[in-house]
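Input: a single structure, listed below in structure tokens.
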Amino acid sequence: MRLPTLAFATPRKLPKARDLDGRVVVLDLAFASEASGGGFDKITLPLIDGLGRRLAMWVDHHDHQRHADYAADPRFVLATKAQHGACPEMITPEVVARAGAVDTVVCHGDFDGLCSAAKWIRGGLEPYAGADDDARAIDTRIGEPGPSARRIDRAIRARYSDVGLLGIIVRHLATGLADASLWEPIDRAGAELEVRERETRKLAEAYAILPLSGQVGPRNAAWLDASASHGSYDKTLLLLMGQERADMALLVDRDNVSFAAPFNSGFNFLEVLGLSGGMPTLVSVPRARLVDALARLGASHADAARLVG
């Protein structure tokens, strides 16, 4: 199987159009919001305009106000998180065929994105039976993914910036998990997560409960400032542990503040924080916006002053 060139990205950090070869498909990458330090006009739009006719298709499942701008453009297959909990289920044989041959696949570097890339390479067929369901379970944190998906997800979380590993994972998925030897580097990476998980569980003991009112509530948030432990913990696990303690988790790190609530909670941080796009129940904003975010969430002035320091 001939694999296209792969490029891994995040909504905040997209490749330059000039660095991408030939016709390009973009998968599971949200349009940037204001929280991304530049927003759609400075981050997403330059890639769209730079690719021009070379953009074969853009498939994504994150909410954004600018989706409406591309409703009439058949190259854009866009949905909300409520419509599609994960991106792979949007990649059908019909969508792949409509795009035509592509030379480069740009995808998000999480399980959802890598599975989307593999499914695209396979012409819209699942890498293995149940892969779409696994992607949805991992991306929404509702339900239990299967054993193969759990192994891959752990490896990604352990080495999320290791492009070599991400490439191996796409290759393994694209070939239907046929080469058992490819599990070795994946499992080796996944084992590294155990140390970070132990650190994360210790860190979670410091969560404090913050009462909220205003637009959200009455509700409460599990609050934690993890700046001193930057880079040493698993953010996904830490946010999930916060949600076990309160209605939502509010995690402060060195540069950003993350807000997370259960996917089926009905909560929408995009509306409360005044953001144009992203995932309604999981957003990050620059730490400089912490005071404003606490006010919007309904924290008392005394609590806000104490937490901001």
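Scan region 80-88 and tell me whether some residue there is touching a Pro at 6+ places or on another chain (Cβ under 6 Å) and free of Cβ contacts under 8 Å to residues at least 60 places away in the same chain.
The answer is no; no qualifying residue exists.
List the pairs whose first member sits in region 32-46 and is assigned by TED's automatic domain parsing to the domain that holds residue 59 and surrounded by 24 or more Cβ atoms within 10 Å (Cβ to Cβ), whose second member is at pLDDT below 80 and among the polar types (S, T, N, Q), and whose Cβ atoms are under 9 Å apart, counting only residues at least 6 apart or on separate chains?
Close Cβ pairs satisfying both conditions: 44/36.
Give the residues of region 230-248 that are touching a residue at least 40 places away in the same chain (Cβ under 8 Å) and under 23 Å from residue 288 (Cα atoms), sorted by residue number.
Answer for region 230-248, where residues must be touching a residue at least 40 places away in the same chain (Cβ under 8 Å) and under 23 Å from residue 288 (Cα atoms): 234, 236, 239.
I need every pair where a residue in region 100-115 that is part of a strand (DSSP E or B) has its Cβ under 8 Å from the Cβ of a residue that is among the basic types (Lys, Arg) and surrounded by fewer than 24 Cβ atoms within 10 Å (Cβ to Cβ), sequence separation at least 6 or different chains.
Sorted first by the residue in region 100-115, then by its partner, the pairs are 104/23.
Looking at region 10-24, is at least one residue at pLDDT below 95, more than 18 Å from the chain's Cα centre (by Cα) and surrounded by fewer than 16 Cβ atoms within 10 Å (Cβ to Cβ)?
no
Of all the residues that make up region 76-99, how many are among the small types (Gly, Ala, Ser), exposed (fewer than 15 other Cβ atoms within 10 Å of the Cβ) and not in a loop (DSSP other than H, G, I, E, B)?
Here is the first cut: in region 76-99, the residues among the small types (Gly, Ala, Ser) are 79, 82, 85-86, 97, 99.
If we keep only those that are exposed (fewer than 15 other Cβ atoms within 10 Å of the Cβ) too, we end up with 82, 97.
Imposing the further condition that a residue be not in a loop (DSSP other than H, G, I, E, B) reduces the set to 97.
Residues in region 76-99 being among the small types (Gly, Ala, Ser), exposed (fewer than 15 other Cβ atoms within 10 Å of the Cβ) and not in a loop (DSSP other than H, G, I, E, B): 1 in total.
Being closer than 17 Å to residue 62 by Cα and not in a strand (DSSP E or B) is the filter here, so list the residues in region 244-271 that pass it.
261, 262, 263, 264, 265, 266, 267, 268, 269, 270, 271 - these are the residues of region 244-271 that are closer than 17 Å to residue 62 by Cα and not in a strand (DSSP E or B).
Going through 231, 277 one at a time, which residue ends up being modelled with pLDDT under 90, assigned by TED's automatic domain parsing to the domain that holds residue 210 and under 19 Å from the mean Cα position of the chain (by Cα)?
None of the other options fit; the residue is 231.
Pull out all pairs, ordered by first then second residue, where Cβ-Cβ is under 6 Å, the residues are six or more apart or on different chains, the first lies in region 1-24 and is over 15 Å from residue 42 (Cβ atoms), and the second is acidic (Asp, Glu) and not in a helix (DSSP H, G or I).
Matching pairs, first to second residue: 4/103; 5/21; 21/103; 22/103; 23/103.
Kindly indicate which of 296, 254 is surrounded by fewer than 21 Cβ atoms within 10 Å (Cβ to Cβ), under 26 Å from residue 195 (Cβ atoms), outside the structural domain of residue 156 (by TED's automatic domain parsing) and out of contact with any Cys (no Cβ under 6 Å at 6 or more places or on another chain).
Testing whether each residue is surrounded by fewer than 21 Cβ atoms within 10 Å (Cβ to Cβ), under 26 Å from residue 195 (Cβ atoms), outside the structural domain of residue 156 (by TED's automatic domain parsing) and out of contact with any Cys (no Cβ under 6 Å at 6 or more places or on another chain) leaves just 254.
Any residue at all in region 200-215 that's under 18 Å from residue 155 (Cβ atoms) and either in the same structural domain as residue 292 (by TED's automatic domain parsing) or in contact (Cβ under 8 Å) with a residue 24 or more places away in the chain (or both)?
Scanning region 200-215, I find at least one residue that is under 18 Å from residue 155 (Cβ atoms) and either in the same structural domain as residue 292 (by TED's automatic domain parsing) or in contact (Cβ under 8 Å) with a residue 24 or more places away in the chain (or both), so the answer is yes.
Quick one: residue 143 ticks every box in (1) under 18 Å from residue 116 (Cβ atoms); (2) over 16 Å from the mean Cα position of the chain (by Cα) bar one, so which box is it?
Going through the list (1) under 18 Å from residue 116 (Cβ atoms); (2) over 16 Å from the mean Cα position of the chain (by Cα), residue 143 breaks only (1).
Just to verify a result, which residue in region 157-195, among those that are charged (D, E, K, R) and touching a residue at least 40 places away in the same chain (Cβ under 8 Å), is nearest to residue 129 (Cα to Cα)? Don't jump to the end; show me each part of the working.
Taking region 157-195 and keeping what is charged (D, E, K, R), we get 157, 159, 162, 171, 179, 184, 187-188, 192, 194.
Retained after the next criterion (residues that are touching a residue at least 40 places away in the same chain (Cβ under 8 Å)): 157, 171.
On the way: 157: 23, 171: 17 Å.
Checked region 157-195; the qualifying residue nearest to residue 129 (Cα to Cα) is 171.
Inside region 299-309, can you point out the residues that are surrounded by fewer than 21 Cβ atoms within 10 Å (Cβ to Cβ) and in contact (Cβ under 8 Å) with a residue 12 or more places away in the chain?
300, 303, 304, 307, 308
Which numbered condition in (1) over 20 Å from the mean Cα position of the chain (by Cα); (2) part of a helix (DSSP H, G or I); (3) closer than 14 Å to residue 115 by Cα is the only one that residue 176 fails?
(2)
Among the residues of region 76-96, how many are among the charged types (D, E, K, R) and within 22 Å of the chain's Cα centre (by Cα)?
2
The values are calculated or read from the model by the stated rules, or taken from the named source; none is laboratory data. Please read all numbers here as calculations on a predicted model, not as lab measurements. Backbone-built Cβ (ideal geometry, glycine too); neighbour counts: all protein chains shown.
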